[in-house]
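Novice: Quick one: the structure is below, and I'll ask about it shortly.
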């Protein structure tokens, strides 16, 4: 159960619930192994129409990426 929480993300939380349901309540729904999340990487986003400026790196917490809270990055880079 710890691995689901350590890797984080909505998909792992769903699988944690399924894992607990199967192992504690013996429901038999099935579950997948925890999916590891990258510790770093590019954020897939649509470039601004006028992308003639310099290319820079923006660092933010992994927790923002895992929760889908990346709108501020689009605002900052847009």
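The values are calculated or read from the model by the stated rules, or taken from the named source; none is laboratory data. This is a predicted model, so every value here is computed, not measured. Positions of Cβ are backbone-derived with ideal geometry, glycine not excepted, and every protein chain shown enters the neighbour counts.
Novice: One residue is enough: does the range 43-54 have a residue meeting the conditions modelled with pLDDT of 85 or more and in a loop (DSSP other than H, G, I, E, B)?
Specialist: For the range 43-54, residues modelled with pLDDT of 85 or more and in a loop (DSSP other than H, G, I, E, B): absent.
Novice: Next up: Restrict the check to the range 19-35 and report whether at least one residue is surrounded by fewer than 12 Cβ atoms within 10 Å (Cβ to Cβ) and at pLDDT below 80.
Specialist: No, because not a single residue in the range 19-35 is surrounded by fewer than 12 Cβ atoms within 10 Å (Cβ to Cβ) and at pLDDT below 80.
Novice: Does residue 53 qualify as being assigned by TED's automatic domain parsing to the domain that holds residue 8 and either in contact (Cβ under 8 Å) with a residue 40 or more places away in the chain or loosely packed, with under 10 Cβ neighbours inside 10 Å (or both)?
Specialist: Taking the combined requirement at face value, the residue does not satisfy it.
Novice: Another question about this same structure. Take the range 68-78 and flag every residue that is surrounded by 10 or more Cβ atoms within 10 Å (Cβ to Cβ) and in contact (Cβ under 8 Å) with a residue 24 or more places away in the chain.
Specialist: Scanning the range 68-78 gives 70, 73, 74, 77, 78.
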